[in-house]
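Trainee: Sending over a structure as structure tokens; questions will come in a sec.
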Amino acid sequence: MEIILDNSSISNSLFIFSKLHPKPNFTFRKEIEEKPTILPAIKLNDKETIEGITTTAKYLAKTMNKKAINQFFFENNKENSAQVEQWISFANSFEEEKAIDSKRIIRQLNNVLEDRVFFVGNQFSFADIIMFSTLYSTIKDIPVEDYRGFSNLIRWFDNIQHLPEISSISDSPFSMIPISTFVPYHINSKKAKPNENENLNKKLNENQNQNQNQNQNQKKGKPSQEEIQKRREMKKQQKKEKKEKNQPTEPEQDTTPITNHINLQVGIIREIKPHEKADTLYIEEIDVGEKTTRTIVSGIRPFYTVDQLLNQKVVVITNLKPAKLRGVLSSGMLLAASNPDHTKVEIVSPPESSEIGERICLGEKIEGQPDRVLNPKKKYWETVQMDLKTKDDLVAYYKDFPLKTKSGNCVVKSLKGAKIK
């Protein structure tokens with residue numbers, strides 16, 4: 001049995017998982033050929049190969065022992081099993097989501113882990129392995145002084161990296177990240193503090209000193225503490241009145257349909273090359289009818305060859321805030337549909353007769369001009385993205401509205417009922 005990997009975090013998670021196997025009767029091979037192979041993969045024999053992270057990881061679990069599939073994938077618990085699948089899907093799309101708004105993603109993960117030791121249930125599972133691999137470089141880049149802002153996430157990560165199953169892997173791609181100087185979280189307790197009496201005495205002494213100082217100040221003709229407090233209250237009241245006086249009137253509520261903020265356009269891929277630092281990414285030069293092409297980084301490399309994409313018309317969102325993806329500034333994003341475990345991805349294609357640069361309609365009709373650059377705080381794109389999907393007719397939809405140009409609907413090749421990102 002041969003395990004085929006690349007340098008991605010997803011492949012690294014399978015490598016880590018394979019190291020937990022009690023009888024490792026397999027070899028490893030790095031896949032460097034530029035072809036649309038779904039990695040990681042396991043070559044069982046000359047005729048049979050299984051592909052994709054979910055399929056390969058579950059296969060390994062079943063070959064470990066009878067309990068492993070339940071331990072790592074909760075096969076006997078439908079709710080927990082579904083959660084593991086969701087975190088695998090999240091890990092597959094993490095790099096693209098991170099490029100749009102990395103701080104939001106990290107904050108969300110930190111909130112999820114607020115009352116959890118592990119990502120799913122009360123035990124170490126494959127969800128923790130794939131999230132550990134996915135988040136490693138992100139955690140490594142967080143400055144120590146920012147740890148407190150992500151205390152739950154840092155606590156979880158430090159716990160996972162010190163588990164014997166992880167820390168004992170001698171050839172792991174992940175070295176230990178020192179987090180020893182960090183106080184991970186604060187626990188509220190109703191129990192009395194050990195130094196409660198000492199603190200109480202200290203407080204009484206402080207009050208006594210304040211009274212003595214007040215008496216001395218009164219003897220010297222200085223204002224009393226009560227007088228000082230009254231003056232402070234007056235100043236606060238004056239500031240409050242001034243602030244209320246200068247308060248601007250409430251701005252008019254934005255009644256523009258959310259889809260009108262989004263700028264989806266027809267583009268054509270003029271140039272394309274593999275990203276040198278990421279096995280799953282392409283760097284494309286896409287013409288959307290502007291003076292120059294746009295550089296866009298897309299995570300579709302495992303699913304398409306260069307020749308399959310060159311000169312293809314695509315759907316591009318062109319008013320996202322530019323973001324660096326593995327060192328390359330990406331000024332937009334291709335729309336693509338994906339199955340739940342991300343083993344199949346298909347680009348959304350406009351009609352061939354569509355004009356380059358044409359704006360694509362998301363609702364009943366296009367009204368007004370889109371935002372020049374979407375405000376990340378407004379979450380317009382993230383909100384719309386939640387309702388983008390394909391249906392049985394292979395047309396791309398926002399809710400029940402087809403994505404369309406003047407020439408017709410935008411479609412995918414074969415994925416039905418798939419999420420579009």
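The values are calculated or read from the model by the stated rules, or taken from the named source; none is laboratory data. This structure is a prediction, so every number in the text was calculated from the model and none was measured. Using ideal geometry, Cβ is built from the backbone for each residue, glycine included, and neighbour counts are taken over all protein chains shown.
Trainee: Any chance the range 70-81 includes a residue that's in the same structural domain as SER151 (by TED's automatic domain parsing), surrounded by 14 or more Cβ atoms within 10 Å (Cβ to Cβ) and touching a residue at least 60 places away in the same chain (Cβ under 8 Å)?
Mentor: no
Trainee: Sticking with this structure for a sec: For the range 141-168, which positions are surrounded by 15 or more Cβ atoms within 10 Å (Cβ to Cβ) and within 28 Å of HIS21 (Cβ to Cβ)?
Mentor: Selection gives TRP156, PHE157, ASP158, ASN159, ILE160, GLN161, ILE166.
Trainee: Filter the range 135-182 down to the residues that are aromatic (Phe, Trp, Tyr) and not assigned by TED's automatic domain parsing to the domain that holds GLN108, then identify the one that is farthest from ASP115 (Cα to Cα).
Mentor: PHE174
Trainee: Quick one: in the range 339-361, which of the residues that are assigned to a strand (DSSP E or B) and out of contact with any Phe, Trp or Tyr (no Cβ under 9 Å at 6 or more places or on another chain) is nearest to ALA41 (Cα to Cα)?
Mentor: SER349
Trainee: Here's something else I'd like to know. Going by the conditions given, is ILE356 surrounded by fewer than 17 Cβ atoms within 10 Å (Cβ to Cβ) and in the same structural domain as ILE317 (by TED's automatic domain parsing)?
Mentor: Spelling it out, ILE356 is indeed surrounded by fewer than 17 Cβ atoms within 10 Å (Cβ to Cβ) and in the same structural domain as ILE317 (by TED's automatic domain parsing).
Trainee: Of (1) within 24 Å of the chain's Cα centre (by Cα); (2) farther than 28 Å from LEU334 by Cβ, LYS78 satisfies all except one. Which?
Mentor: Condition not satisfied by LYS78: (1).
Trainee: Can you go through THR249, THR280, THR255, THR292 and tell me which one is within 30 Å of VAL348 (Cα to Cα), assigned to a loop (DSSP other than H, G, I, E, B) and at pLDDT below 70?
Mentor: Unique residue meeting the criteria: THR255.
Trainee: Checking the condition at pLDDT 95 or above and either outside the structural domain of VAL411 (by TED's automatic domain parsing) or surrounded by 15 or more Cβ atoms within 10 Å (Cβ to Cβ) (or both), which residue from PRO370, PRO376, PRO350 passes?
Mentor: Going through PRO370, PRO376, PRO350 in turn, the sole match is PRO350.
Trainee: Evaluate the following for LEU39: is it in a loop (DSSP other than H, G, I, E, B) and in contact with a Gly (Cβ under 9 Å, 6 or more places away or on another chain)?
Mentor: Taking the combined requirement at face value, the residue satisfies it.
Trainee: Looking only at the range 313-336, count how many residues are surrounded by fewer than 15 Cβ atoms within 10 Å (Cβ to Cβ) and either part of a loop (DSSP other than H, G, I, E, B) or modelled with pLDDT of 95 or more (or both).
Mentor: Count: 3.
Trainee: Just need a number here: residues in the range 370-421 that are among the acidic types (Asp, Glu), under 24 Å from GLU97 (Cβ atoms) and part of a loop (DSSP other than H, G, I, E, B).
Mentor: Within the range 370-421, residues that are among the acidic types (Asp, Glu), under 24 Å from GLU97 (Cβ atoms) and part of a loop (DSSP other than H, G, I, E, B) number 2.
Trainee: Let me spell it out: the conditions are (1) modelled with pLDDT under 90; (2) not in a helix (DSSP H, G or I), and GLN123 meets all of them except one. Which number is the exception?
Mentor: (1)
Trainee: Out of the residues in the range 66-116 that are β-branched (Val, Ile, Thr) and touching a helix residue (DSSP H, G or I) at 6+ places or on another chain (Cβ under 7 Å), state the one that is nearest to ASP158 (Cα to Cα).
Mentor: Among those that are β-branched (Val, Ile, Thr) and touching a helix residue (DSSP H, G or I) at 6+ places or on another chain (Cβ under 7 Å), it is ILE106.
Trainee: Taking the condition of being part of a helix (DSSP H, G or I) and of a type outside the set (Gly, Ala, Ser), how many residues in the range 58-75 meet it?
Mentor: The qualifying residues number 11.
Trainee: Here is a follow-up. Please tell me if THR138 is crowded, with 22+ Cβ neighbours inside 10 Å, in a helix (DSSP H, G or I) and among the hydroxyl-bearing types (Ser, Thr, Tyr).
Mentor: So THR138 fails the test.
Trainee: A further question follows. List pairs: first in the range 89-106 and farther than 16 Å from PRO340 by Cα, second modelled with pLDDT under 80 and of a type outside the set (Lys, Arg), Cβ under 6 Å, 6+ apart or cross-chain?
Mentor: ILE105/GLU97
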